[in-house]
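Asks: My structure is below; once you've seen it, I'll send some questions.
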Amino acid sequence: MSHENEKSKLSRRRLVAAAGFGTAAALTGTAVGAQPAGAASLRSGRLRVVVVGGGIAGVATAWLLDGQHDVTLLEAASSLGGHAASVPVDVEGHDVMVDVGAQFFGPYSHPIYNKLVTSVLQVPTVPNQLDNTLFEYGMPTPLMVSPSIDRPITDLLQYLPALQAVGELMERARDLEARRDWSITVADLVEAMTVDEALKESFVYPYVASVNGATISQAKEFSARAALALAVRPLVDDRTEYVNARDGLQSVISSLSNEFTSVTTCVNTRAAGLSRVGGQFKITDSQGRVHLADQVVLALPPEPAAALVAQLPQSDSLTSTYNRFRYMPARIAIHRDPIYMPASPKDWSSFNITRDGEYCEASIFYGRLRGDAPVYKSWVLHRREEPKELLDSMDFRHPLITPDFIRAQGELQRRSGDDGLWFAGSHVFDVDSQESALYSALMIAAELAPGSQNRLRLGTLPTSPAAP
Ligand SMILES: Cc1cc2nc3c(=O)[nH]c(=O)nc-3n(C[C@H](O)[C@H](O)[C@H](O)COP(=O)(O)OP(=O)(O)OC[C@H]3O[C@@H](n4cnc5c(N)ncnc54)[C@H](O)[C@@H]3O)c2cc1C
C-alpha cells in the first residue's frame, strides 16, 4: 500500500471512529473538521450519508445503514431497482412478473444474496429448469442441445462432441475458480482446450459470448474465470442450481426499501454535482436541491460515478481507474412471438442461443421456467428481425470483464472510504451479479455501521465468491 493510501485510510478510520464507533481516544481526534452540522452529527454518532444510485447496491447499502445513520438515497430513474426491473405480463388472465434485467440467483453462485432473499426477507422464489440450445441462424438442426429432465439422452447423442466441449470448458473454469485466477483470458483458455478446432469456433466461443452478452471477439478478451463464473458456480451434480424471485427481483428491492426507517428516498433525482466544502460533501441534484453529507456512497456504474468523482480536486487517478471499466450495450425485448427459437419445439430450451456471425444473442423461454408461459426475453441489439409482439424493451450495458477490469476493481476497493467517499456496485467486486453488488454494500456497512441491526439479521455470512 502506498504512503498516500495509508494516510487516507487512517483519516477515514479516524472519521468513522470519531462518529462513535471507535475508542474514546478517537473522539478527541482532530481529523473530522466538519462544519457545525457535520460536527453535531459526528458527536451524536449519527452520520448524514448520501447514497447515490438506487440499484441493489445502493438500496442494500441504505438498508444496512438504516436506523444507525440518516441516509438520503438518490435515484435518477422513476423507481428504485436499477437492473432489477420486473414487468407484469398477462398470461391467460394472470400476471407473470418477468425480469427484464437481472433474474437468476442461487445458493452456490449468490450465497449471501440468496440468504438475504429467502431467509431474511422471505421473498418467494421459484425453481428453474436451466438448459441450453445453441444453433446457427437459419439452420434447422442445433449445434448443441443440453441434457434436461424431459429429454431422452438418446436424442442427444448427435450433440456428444459439443457436450464434451462444454464438459471440458466447465472443468477448466472450475480449476480457475479453485485457483481464484483472473489472469487467463477466454482466448488463452479455449486455445488450450483439447477439443476439435472447428468446434471451438462454431460452438465454444459463441457459447461464452452469449452468456456474457458479448460478440465473439469481445468474448475472447474476457478473463476466463469472469466469463464462466455464473455458469460454473451454480453447477452441482450437472444441475444448475438457480431460482427466480416469483414476483420478480423488484420484489426484493421493495422488501428492502419498505423496511427503511431513517432513509429518505428521492426518485427522479439524479446527482449532478459533487464537491467538498469544509469537512462535508455537497451533492447537487437534478431538481436543484443541495444535500450535505458526512459520507457519500457512489452506488453507480463506473461512467456516472466517474462524472461525479471528476468534480473533486485531485481526482485524476480515480477517474482514470474508472475509465478502465469497459462496457458493451445490450437491448432486452420481452415479447410473445417465438421468433428467436430453434426450428423444432423439441429443441427449445430455457436459454436459446442463435449464432449469427460475430453475434450470439440468447432468448430466454419463460415457458420452461413458469408453466408454459408463452413469453420470451431476448437480447435483440444485433438481430436481423425484430419481435412482432413486443411487450417491453430496455437498454442496458454489460461489463467486458478483462483481467485489467479486475485489477481496476482492486484499486477501487483499496480507495473506497478514503476521506468519506465509498464505492458500491457490482463492478467493485467479482463478476456482474446481485451477489457482488450486495457484497460491496456489506463491505461499506462493516465500516460505517458495524452495529447494523439489518446486518445482524443476516447472521453468519456464508463464504461469498464475490470476496476478493
Ligand atoms: C440483461 C441483464 C441480465 C442480468 N442477469 C443477471 C442475473 O440473472 N443474475 C445476476 O445476479 N445478475 C444479473 N445481471 C447483473 C445485475 O443486474 C447487476 O450486477 C446488478 O443489478 C447491478 O446492481 P448495481 O446496484 O450495482 O447497479 P444498477 O442496477 O445499474 O444501479 C445503478 C443505479 O444508479 C442510477 N443512477 C445512475 N446515475 C445516477 C446519478 N447520477 N444519480 C442518481 N442515480 C443514478 C441508475 O438509474 C440505477 O438505478 C444482469 C444484468 C443485465 C443487464
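Asks: Given the structure, is Val96 closer than 21 Å to Arg233 by Cβ and part of a strand (DSSP E or B)?
Replies: In short, no.
Asks: Next up: Only residues in the stretch 70-85 that are at positive phi count as the first member; pair them with residues that are open to solvent by 20 Å² or more (accessible area, probe 1.4 Å) and more than 6 Å from the ligand (Cβ to nearest atom), Cβ under 7 angstrom, at least 6 apart or cross-chain, and list the lot.
Replies: Gly81/Gln250
Asks: Quick one: count up the residues across the stretch 336-363 that are buried (at least 23 other Cβ atoms within 10 Å of the Cβ), free of Cβ contacts under 8 Å to residues at least 60 places away in the same chain and not aromatic (Phe, Trp, Tyr).
Replies: Matching residues across the stretch 336-363 total 1.
Asks: What's the total number of residues in the stretch 59-114 that are buried (at least 20 other Cβ atoms within 10 Å of the Cβ), under 20 Å from Leu442 (Cα atoms) and away from the ligand (no atom under 13 Å from the Cβ)?
Replies: 6
Asks: How about the stretch 314-335: which of its residues are touching a residue at least 12 places away in the same chain (Cβ under 8 Å), open to solvent by 50 Å² or more (accessible area, probe 1.4 Å) and either out of contact with any strand residue (DSSP E or B) (no Cβ under 8 Å at 6 or more places or on another chain) or assigned to a loop (DSSP other than H, G, I, E, B) (or both)?
Replies: Asn323, Arg324
The rows are residues; the columns are (1) touching a residue at least 12 places away in the same chain (Cβ under 8 Å); (2) within 15 Å of Leu134 (Cβ to Cβ).
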| position | (1), (2) |
| --- | --- |
| Ile153 | no, no |
| Leu157 | no, no |
| Leu160 | no, yes |
| Leu169 | yes, yes |
| Thr185 | yes, no |
| Met193 | yes, no |
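Asks: Being assigned by TED's automatic domain parsing to the domain that holds Ile283, in contact with a His (Cβ under 8 Å, 6 or more places away or on another chain) and open to solvent by less than 20 Å² (accessible area, probe 1.4 Å) is true for just one of Leu421, Leu448, Leu442. Which residue is that?
Replies: Criteria check complete, one pass: Leu448.
Asks: Something else: Here is a list of conditions, (1) in contact with a helix residue (DSSP H, G or I) (Cβ under 6 Å, 6 or more places away or on another chain); (2) farther than 27 Å from Ala224 by Cβ; (3) surrounded by fewer than 22 Cβ atoms within 10 Å (Cβ to Cβ), and Ala408 meets all of them except one; can you say which number that is?
Replies: (2)
Asks: Also: Of all the residues that make up the stretch 193-208, how many are outside any loop (DSSP other than H, G, I, E, B) and either among the acidic types (Asp, Glu) or in contact with a Leu (Cβ under 8 Å, 6 or more places away or on another chain) (or both)?
Replies: 8
Asks: I'd like to verify a number: residues in the stretch 209-247 that are in a helix (DSSP H, G or I) and either open to solvent by 30 Å² or more (accessible area, probe 1.4 Å) or without any contact (Cβ under 8 Å) to a residue 24 or more places away in the chain (or both), how many?
Replies: So the count comes out to 6.
The values are calculated or read from the model by the stated rules, or taken from the named source; none is laboratory data. What you see is a predicted model, and the numbers here were worked out from it, not measured in a lab. We place every Cβ from the backbone using ideal geometry, glycine too, and count neighbours over all the protein chains shown. In case anyone asks, the SASA skips ligands and DNA or RNA and just uses the protein heavy atoms, side chains included. Shrake-Rupley method; radii C 1.70, N 1.55, O 1.52, S 1.80 Å.
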